[in-house]
Amino acid sequence: MGTYLVPRLVLEGHEVISVCRNQRKPYHSHSAWKSVKQIQIDRIEAEKSNSFGEQISILNPDVVIDMICFTPESAVKLVEALYGKVKHFIHCGTIWVHGYSTQVPAKESQFKAPFGEYGINKAAIESYLITQYKENGFPVTILHPGHIVGPGWNPVNPAGNFNPDVFQKLAAGEEVLIPNFGMETLHHVHADDVAQSFVNAVNNASQATGESFHVTSSRAITLRGYADAIAEWFGKEPKLRFLPWQEWKKTVNESDSNSTWDHIAHSPNCSIDKARKLLNFNPVYSSLDAVKESLTSLINNKKLF
């Protein structure tokens, strides 16, 4: 996502320092990267010596955007190092903080019942950061992306996992097995739309501070609707067969089964009304448009078909 975020920040006139574990080229080249200072820090190793927060602090940033925080302990270490030293701290969360859906589209303020290590940890981080804002004035904003897609990504497919064979079968007009009735939902978002939300948070700090926001496409899609649309895009009639979960999971390997269960058990469907209102967040891509751009890139680079 930094491939899109960093150039957007530079073009807005910000001085940008990119901190990464490894030196690597962005997914897409952009002239803006020439003015970006790039620093290598292995966060995992630096946190073992409790030096990561200090290494970020000595860069003297006004704004810190944390894209790779996955445990509450990691969040605490960084906040303690930056407390009183930054004007704005933006954390990348996830719509997985909600757990299962209750009322949809879900709002940020709804009851959360996260499950799975990733969702539980991210929800705990959000709770900690918001408490730090309320009790100590720590200037935090939390942005919760959906399933990020775009050129360079393999999208979550209509069976709820990352196996590209599902797209291949839809393109060939072959039968695709879908769990249950295919009415569970996915909520994609294009990486550049996520980048837009982060830039808008930076530029609207007074509106964003102390808040969390969903940043997804405008509407979620059902597995069935997703499969139908992709088959049609390939010029084929969809051939879908629906199986109860216990039968369906026997048709795939364990990795695909676990991935599908994670996605359909969550079945995210999130409202972006709050982000529209306070951040002027207006996603350019629908879920399907974002996925189609990803697939086009995969096809053009001979990673699909």
**the chain - Debye-derived log10 I(q)/I(0), Cα point model, q = 0.14 Å⁻¹** = -1.10
**Item:** Euclidean distance between Cα centres, the range 120-147 to the range 39-110, Å
**Value:** 8
**Message:** So if I restrict to the alpha-carbon atoms in the range 195-305, what is the Rg, and what is Dmax, the biggest pairwise distance, in Å?
**Reply:** 17.9, 51
**Fill in**
If one compares the long axis through the Cα atoms of helix 191-203 with the longest principal axis of the Cα atoms of the chain, the angle in degrees, nearest 10, works out at 30
**Message:** I need the Debye-formula profile for the range 135-238: one equal scatterer per C-alpha, no solvent, reported as log10 I(q)/I(0) at q = 0.16 1/Å, two decimals.
**Reply:** -0.75
**Request:** Note the angle between two axes, namely the Cα long axis of helix 254-266 and the longest principal axis of the Cα atoms of the chain, as a number of degrees from 0 to 90, rounded to the nearest 10.
**Result:** 70
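Laboratory data are not the source of any read-out in this text; all were calculated from the coordinates shown. This structure is a prediction, so every number in the text was calculated from the model and none was measured.
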